[in-house]
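Okay, so here's the structure we're looking at.
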Amino acid sequence: MTAFPQTIHFIGTNTPRRMELSLRNLPVEGQIPADVEGAFFRAVPDNAHAPMFDDDIALNHDGMIARFNFDKGAVDFDIRYVETERYLAEKQARRALFGRYRNPFTDDPSVEGVDRTVANTTPVWHAGRLFMTKEDGRGYEVNPHTLATVGKWDYEGKLRSQTFTAHPRVDAQTGELFFFGYEAGGLCDPNVAYCIADKDGNLVKEQWFEQPYLSTIHDFVITEKYAIFPIFPTLADLDRLKAGGAHWAHHQDKPSYIGIMPRYGDVSEMKWIEGPVGVSCFHEVNAYEDGDLVHIDLCLTNSNAFAFMREAGGVHIDQRELQGALTRWTLDMSKADPQIAERPLGPPGDLCRLADADQGRPYNRAWYLSMNPQAKGPPMLGGPVGANFNALLRIEPGNGRLTMMEVPPGAGISEPAHIPSATPGHGGWLVMVIDVPNSPNPADYSSEVWVVEADAVENGPVARVKTGLPLRSQVHGAWVSRERLDASVHH
Ligand code: V55
Ligand code: FE
């Protein structure tokens, strides 16, 4: 077998593990709260084969679906590959056949026309079904009980878009799924599909619009009235792809934009508002209306957070020199020509989470990951950008109140999921994976799941679930309650 390269995409918590396994009754320290009853799903990129190119990146690795099943205080762990068309083709060949991240011109000719998506970004639950998503293709449906791949999901043949975002938004009050797909008509197509599925999972609306440039639209946000598409100047180029180059290059000299339209409206009503130059954001926290004002809270940086997207654009900023802030952009929609008013809300960071009930509505708490300025030693290597976060922050955006959870020296934190509590007035719980080093060897660590009181993160975990294994880094995760799992379409 060919060796894996020793770059930031393959070391530390990005060390290839390539193991499908099931473990029952993991050791638990502390007490799992009764509210924590259901499954924590994680999307884990972990390439089954050594890559065709040594400059391969973690975003290009085969998606695995992992599950921590919390069953009345006991915890079981399972992880399996999503059996995408690409995974199955390479499994049969026993080697990589797909080349660079989102560049089909670098593939082995034997797989021309085979779907390239790796379904490695976000587990999405809607209307009794679980999907593994990646923004360059359609979602793959996965059986939430067996983790077997059911197949590609196209809304019973109704979906026209060839892509489905890894960041759809569910309105908790209506149960609707709001989603989009960019490059909707195929590679480097400027069209974006904006879609709504009703609470029962029927596709009820799909409209296409053109974006001002060919940007990577990783996330979007809704309010009660609006659908909002913040876009940033990290752009695709077909000629660069044909020459074997990168899909994305960051343009430090180009503006960002916000596209905003009524969420039940027509795409012809879209307003494009120019924003600051050169900035980047992968994840919005939330948005909501306050009279005519629309607040959009986002994890903003002064350049793209991925080194390979900066370098492809000739932007040379060291990862540690990146600057940013949790930022609020406010629009006054009573104006004919609304402008962005910007103010910082909190320290820089990413992988923000919200209570499901707060989606698109006035809210005053969110969680995200950041770097602890007082941490001892360097961050744990690994994760999508090559270094893991080591602080969990809880913020009250309305008043700036900030609390922090620390981890053991050298440990890394993956994105948490929020679990509501059945007790009135209780703020619920967070679950997340913490990778704790065992030795100075960056591949030698043990992964744990911590359960933390959501409104008292500074107290640390109430329970620690020990896998005894070094698990590979996830991208995003999702919590699904027992009630929802019991009512799932597949059993
Ligand atoms: C991101 C992740 C992706 C991707 C594009 O977090 C952007 C950002 C895991 O895959 O393909
Ligand atoms: Fe994301």
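Here, each number is a calculation from the coordinates, and none is a lab measurement. Quantities reported herein were computed from a predicted structural model and do not represent experimental measurements. Methodologically, a virtual Cβ is constructed for each residue, glycine included, from the backbone with ideal geometry; neighbour enumeration extends over all protein chains shown.
Enumerate the pairs (first residue in the range 86-101 and free of Cβ contacts under 8 Å to residues at least 60 places away in the same chain; second residue anywhere and of a type in the set (Phe, Trp, Tyr) and buried (at least 21 other Cβ atoms within 10 Å of the Cβ)) with beta-carbon separation below 6 Å, excluding pairs fewer than 6 apart on the same chain, so at least 6 apart or on different chains.
86/98; 87/81
Considering 225, 205, 254, which residue is farther than 18 Å from residue 178 by Cβ and of a type in the set (Lys, Arg)?
Testing whether each residue is farther than 18 Å from residue 178 by Cβ and of a type in the set (Lys, Arg) leaves just 254.
Considering only residues of the range 283-295 that are of a type in the set (A, V, I, L, M, F, W, C) and crowded, with 23+ Cβ neighbours inside 10 Å, which is nearest to ligand 1 (Cβ to nearest atom)?
285
Taking residue 167, is it surrounded by fewer than 22 Cβ atoms within 10 Å (Cβ to Cβ) and within 14 Å of ligand 1 (Cβ to nearest atom)?
Taking the combined requirement at face value, the residue satisfies it.
Output the residues belonging to the range 215-244 that are part of a loop (DSSP other than H, G, I, E, B), crowded, with 16+ Cβ neighbours inside 10 Å and touching a helix residue (DSSP H, G or I) at 6+ places or on another chain (Cβ under 9 Å).
Within the range 215-244, just 216 meets the criteria.
Taking the range 174-215 as the region of interest, how many residues are within 16 Å of ligand 1 (Cβ to nearest atom) and touching a residue at least 60 places away in the same chain (Cβ under 8 Å)?
Number satisfying all stated conditions: 1.
So which strands (runs of 3 or more DSSP E) stay within the range 123-194 end to end and still have 2 or more residues that are out of contact with any Gly (no Cβ under 8 Å at 6 or more places or on another chain)?
Those strands (runs of 3 or more DSSP E) span 149-152, 177-182.
Hey, can you tell me all the residues within the range 296-345 that are surrounded by 13 or more Cβ atoms within 10 Å (Cβ to Cβ), assigned to a strand (DSSP E or B) and free of Cβ contacts under 8 Å to residues at least 60 places away in the same chain?
Result: 300, 301, 324, 325, 327, 330, 332, 344, 345.
Check 175, 128, 185, 157 and return the single one that is more than 15 Å from ligand 2 (Cβ to nearest atom), more than 19 Å from residue 205 (Cα to Cα) and surrounded by fewer than 20 Cβ atoms within 10 Å (Cβ to Cβ).
128
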